[in-house]
Every structure is written in C-alpha cells, then in structure tokens.
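Just so it is clear, none of the values below were taken in a lab; they were calculated from the coordinates. Remember, predicted model here, so these are calculated numbers, not experimental data. Positions of Cβ are generated from backbone atoms using ideal geometry, with glycine treated the same way; all protein chains shown enter the neighbour counts.
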Amino acid sequence: MTTGADVTERGGMTTVIVMAKACEPGRVKTRLTPPYTPAEAARIAAASLADTLAFVQALPVTRRVLCIDGPAPAAPGFEVQPQADGGLDERIAAALDGCRGPALVLGMDTPQLQAADVDAPLRAWATGAAEADAWLGPAADGGFWALGLTRPDGALVRGVRMSRADTGAHQLGRLWAAGLRVQTLPLHTDLDDAASLRVVRAAASVDGRLQATLAELDAAGAGTDRVAS
C-alpha cells in the first residue's frame, strides 16, 4: 500500500481539494425539496459532505483542502479555505492555482466513492508514471465529479460553463485542446435530487453518515415521497 510518506518522497506534495457549500437549510440541496424539507435536505447534504471528508482523509495524499462557500464544519486534517468569488469555474480555478503539485478536485455530492475510483491519478503521481496528464471523472448528469491534474492550472477550468448537461464534454474538450493526455475515471451519480439520492444511497457505504441520516429520516417519516432503502 502506498503511504503518505511514499507520495511525498516520490511525487512531491499531492493535494485533494473538496469543493463544498455550507450545509444550511434553504441554501444547499434545494432540489431535494420536495420531498424533503429544507432542514432535512441540509442534513442529507451535511452527511454527504461528512462521508466525502472521511473518504479523502483515508487517501494517501500529503495535503487535504476543504474549499467551502460559507461556514465550515469541523474538518480535522484539512486546510479550510473560503471559495473565491465568481462562478463555479472561477472558484475551482482559484483552488487549483493555489496548488504547487499534483491536485485532485472533488465535490461533496459523491459520498459513495471508493479508493479504487481515484487510484489511477494517485498511483501515477506516487510512482512518477507518465500515463496521463489529467484525469476526469464523468457524472451521470453530464457534469464531472473529479478533475485530476499533474500540473494544476486554473486556466484549464476557467470559462467552462458549469451545471449543464454538456459540462463534462466541454471540460474534456478544454483538456484536449491544451494538448493534455486524459484518462477517464469511473462514471458516478451526483447527489442532486430524490432520484439521484436513490442511486447514491444504493452505492454508499452501509457504515457511512449518509446511510445513518437517511435511516433516521425514514424512521421519522420524512418526506412525502420517501427514498426507499
């Protein structure tokens, strides 16, 4: 198993950035309302973020950053940074420009991730392999859940139109246009609405915070159209 020390020695500082939004009612996961109330949707978002942070905490990297819009939760082992102003492309770009070594950007909406999903870039950076320059994780809604860059450069993201059905395709095109060799990571579903929550729940760890939170909401009869187990 590759350790954090191995990554430091062989590939320099490797950063994982989690882009997140403060889990406040009415501000986050608004597409879960209905069937959930804004407060219940915020609980689901907080659970998704907690599972994502736990996932990143276990990865063999040397630097972990929580880049958040709004107040941050407790995040031991993470540098907490406020997001930059502007659209999501500008905020991701600014986070990448703050890295001085390989970087992997994740969102807070894929708490079902497993280590194998991000093994390709981390292994390449740890070993110095030259198989690719960038890694893109496509999302089922047409976006992307991960972007890994051996040489982070915000210009590779800045100007890409986000939150669209063709965002992933545009981001891939931007990487190709820069002459980068790109590898694709596994396809995943982002947690956005009740339908995608069903998919994420089925794939998420039974021991995670998301599963526990949904079980509590189920028991309380939350939602007019509850997400079934």
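Below, the figures for the structure above:
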quantity: Ascending count of other beta-carbon atoms within 10 Å, so fewest first, for L185, L172; calculated: L172, L185
quantity: Candidates W176, W145, W135: whichever shows maximal mean-square fluctuation once the chain is modelled as a Gaussian network with Cα springs under 10 Å; calculated: W176
quantity: FRET efficiency, A165 to D69 (Cβ-Cβ, R0 30 Å, nearest 0.05); calculated: 0.85
quantity: Debye, to nearest 20: dipole size of the range 108-229, +1 on Lys, Arg Cβ, -1 on Asp, Glu Cβ; calculated: 360 debye
quantity: Length-normalised contact order for the chain - Cα pairs under 8 Å, 6+ apart - percent; calculated: 24 percent
quantity: Beta bridges per DSSP with both ends in the range 1-144, % antiparallel, nearest 5; calculated: 5 percent
quantity: Lys/Arg +1, Asp/Glu -1 at C-beta; the chain dipole; positive extreme among T37, L53, F78; calculated: F78
quantity: Nearest-20 debye value, the chain charge dipole, Cβ charges on Lys, Arg, Asp, Glu; calculated: 200 debye
quantity: Amide H partners (placed H, <5 Å) of K21, local residues excluded; calculated: D69
quantity: Phi to ³J(HN,Hα) by Karplus 6.51 cos²θ - 1.76 cosθ + 1.60 over the range 150-158, Hz, x for Gly, Pro; calculated: 5, 10, x, 8, x, 5, 6, 10, 4
quantity: Sequence-distant residues sharing a close amide H with W145 (under 5 Å, placed H); calculated: G137, A139
quantity: Translational diffusion of the chain, µm² s⁻¹ [Kirkwood Rh, Cα pairs; Stokes-Einstein; 37 °C; 0.692 mPa s]; calculated: 183 µm²/s
quantity: Phi to ³J(HN,Hα) by Karplus 6.51 cos²θ - 1.76 cosθ + 1.60 over the range 99-112, Hz, x for Gly, Pro; calculated: 9, 10, x, x, 9, 10, 9, 10, x, 9, 9, 10, x, 7
